[in-house]
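What follows is a short report on a single structure.
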Amino acid sequence: MANTSWYLFNFRRGLLKALIKNGYSVLTLAPKDNFSIKLEEVGCHFIPFNMENQGLNPISDFRLRFKLESLYNHLKPSLAIHYTIKPVIFGSIAAAKLGIPFINNITGLGTAFIRSNWITLLVQFLYKISQKKASLILFQNKDDMRLFEEKKLVSKSVPKKLIPGTGIDVQEFSPRPYSMADENTFILIARLIWDKGVGEFIEAAKEIKKEFPKARFQILGFLDVKNRTAITRTQVDMWVKKGIVEFYEKTEDVRPYIEKSGCVVLPSYREGLPKTLLEAASMARPIIATDVTGCREVVVNDKNGFLCDVRDARSLVEKIKFFLALTLKEKEKMGFEGRILVEDRFEQEKVVSSILGEIRKLLS
């Protein structure tokens with residue numbers, strides 16, 4: 001279960017295929033969207049399940065918990081696997097009440113953990129009460145695991161494991177040759193929310209273009225995102241009109257965009273394990289990202305990319321200038337260092353095999 005079909009198809013397809021290949025019957029629960037039918041094409045049984053993805057509404061969330069309990073009681077799954085915040089919290093409460101084993105995936109802690117306020121305290125409380133009976137909790141980075149342990153959001157008795165997401169298909173995202181025409185093109189691939197560092201990317205683009213007018217800056221991502229820090233279409237249109245960035249909205253295949261870039265940039269404030277950076281590294285593209293949770297799992301500074309300071313456009317400008325000063329051969333070498341890292345630590349077959357091993361243990 002996750003908060004969108006899009007998420008399950010784009011981020012967990014490798015695991016879904018492996019489960020089906022190994023003879024499991026897989027039910028996918030999520031709100032219906034354009035990717036729901038794609039889950040069925042993979043071989044899953046899709047069950048539409050509506051929920052409010054953003055915000056905390058006590059009444060609707062209370063209903064969500066009981067709707068899930070009723071559905072789980074009807075389906076009687078051997079194992080429930082939860083992704084994204086609300087399924088992890090309320091799916092866990094429902095499964096625990098019915099004695100259904102469940103695995104939770106902490107894929108990133110979101111806006112609530114970037115800005116500390118009453119919502120942060122409430123979300124931490126909900127994690128604490130919902131994770132007590134988890135069969136296994138999978139974390140994507142050491143920082144999130146450490147935070148859960150230090151804040152006592154999960155007890156010591158609950159099994160925990162660190163895994164690199166569900167990995168990357170290194171055949172699908174194979175290395176692509178560099179083009180001299182594209183080597184100074186910088187692309188940010190993300191949902192259009194301020195927490196992804198879009199503001200810093202824009203400020204850096206303005207500054208770099210003064211000295212390097214031929215440098216190109218591109219944004220590829222979803223607009224009209226339901227998030228407290230969403231960026232408006234009007235704002236993006238203004239940046240495009242001023243010639244600061246080129247904007248591409250939505251795509252089912254990011255590979256042509258990565259291939260036509262010289263460097264992939266993600267100045268995010270916090271991540272779980274950013275798939276766009278793994279895809280970029282797998283395709284042998286250097287990366288510039290912030291030195292924050294999730295990003296530093298993928299970027300080794302000065303080896304396969306550069307790490308800049310969070311919320312600091314000047315630091316981002318400095319790293320972009322470092323990149324621009326490299327020769328084409330140095331850029332290519334940096335890209336292939338990323339490819340080696342992905343093959344070693346994030347190759348999908350290895351990661352999925354590890355998760356399947358944990359599932360077999362629980363079901364036995």
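The values are calculated or read from the model by the stated rules, or taken from the named source; none is laboratory data. The structure presented is a predicted model; accordingly, all values stated were derived computationally and were not measured. Cβ placement follows ideal geometry from the backbone for every residue including glycine, while neighbour counts extend to all protein chains displayed.
The C-beta contact set for segment 86-100 (first residue assigned by TED's automatic domain parsing to the domain that holds Met51, second residue modelled with pLDDT under 95 and among the small types (Gly, Ala, Ser), distance under 7 angstrom, 6+ apart or interchain) comprises Ile89/Ser130; Ser92/Ser130; Ile93/Ser130. Taking the conditions (1) buried (at least 24 other Cβ atoms within 10 Å of the Cβ); (2) at pLDDT 95 or above in turn, Glu271 satisfies each one other than (2). Does Lys319 qualify as being within 28 Å of Met145 (Cβ to Cβ) and either free of Cβ contacts under 8 Å to residues at least 12 places away in the same chain or in contact with a Phe, Trp or Tyr (Cβ under 9 Å, 6 or more places away or on another chain) (or both)? The answer is yes for Lys319. Residues of segment 186-212 that are under 23 Å from Leu324 (Cα atoms), crowded, with 18+ Cβ neighbours inside 10 Å and under 23 Å from the mean Cα position of the chain (by Cα): Phe186, Ile187, Leu188, Ile189, Ala190, Lys196, Gly197, Val198, Glu200, Phe201, Ile202.
Scanning for something in contact with a Cys (Cβ under 8 Å, 6 or more places away or on another chain) and over 16 Å from Ile189 (Cα atoms), does segment 259-281 turn up at least one residue? No, the conditions are met nowhere in segment 259-281.
Once segment 225-257 is narrowed to residues that are of a type in the set (D, E, K, R) and more than 28 Å from Met283 (Cβ to Cβ), the residue that is surrounded by the fewest Cβ atoms within 10 Å (Cβ to Cβ) is Lys241.
For segment 230-253, the tally of residues that are touching a residue at least 12 places away in the same chain (Cβ under 8 Å) and outside any loop (DSSP other than H, G, I, E, B) stands at 7. Take segment 307-364 and flag every residue that is among the hydroxyl-bearing types (Ser, Thr, Tyr) and either in contact with a strand residue (DSSP E or B) (Cβ under 7 Å, 6 or more places away or on another chain) or closer than 30 Å to Ser135 by Cα (or both). Within segment 307-364, Ser315, Ser353, Ser354, Ser364 qualify.
Per the conditions (1) at pLDDT below 90; (2) buried (at least 19 other Cβ atoms within 10 Å of the Cβ); (3) in contact with a Ser or Thr (Cβ under 8 Å, 6 or more places away or on another chain), the sole criterion not satisfied by Phe148 is (3). One residue stands out among those in segment 101-118 that are within 24 Å of Gly165 (Cβ to Cβ) and in a loop (DSSP other than H, G, I, E, B): the one that is modelled with the lowest pLDDT, which is Ile114. Criterion applied to Ser174, Ser92 was being at pLDDT 90 or above and crowded, with 19+ Cβ neighbours inside 10 Å, and the one residue passing it is Ser92. Among the residues of segment 213-224, what is the count of those that are surrounded by 15 or more Cβ atoms within 10 Å (Cβ to Cβ) and closer than 19 Å to Met180 by Cα? Of the residues in that region, 4 qualify. Among the residues of segment 200-218, is any touching a Leu at 6+ places or on another chain (Cβ under 8 Å) and closer than 19 Å to Trp6 by Cβ? Scanning segment 200-218, I find no residue that is touching a Leu at 6+ places or on another chain (Cβ under 8 Å) and closer than 19 Å to Trp6 by Cβ, so the answer is no. The number of residues in segment 227-277 that are basic (Lys, Arg), more than 15 Å from Lys196 (Cβ to Cβ) and under 17 Å from the mean Cα position of the chain (by Cα) comes to 2.
Could you grab me the full set of residues in segment 284-308 that are under 13 Å from Leu341 (Cβ atoms) and in a loop (DSSP other than H, G, I, E, B)? Result: Ala284, Arg285, Pro286, Val298, Val299, Val300, Lys303, Asn304. Number of residues in segment 254-283 that are closer than 21 Å to Leu328 by Cα and either in a loop (DSSP other than H, G, I, E, B) or charged (D, E, K, R) (or both): the value is 7.
From the set of residues in segment 19-60 that are small (Gly, Ala, Ser) and buried (at least 19 other Cβ atoms within 10 Å of the Cβ), which is nearest to the chain's Cα centre (by Cα)? Before you say what the answer is, go through the steps one by one.
In the first step, residues of segment 19-60 are kept if they are small (Gly, Ala, Ser); the result is 23, 25, 30, 36, 43, 55, 60.
Checking the rest, the ones that are also buried (at least 19 other Cβ atoms within 10 Å of the Cβ) come to 30, 36.
On the way: Ala30: 17, Ser36: 19 Å.
Here the answer is Ala30.
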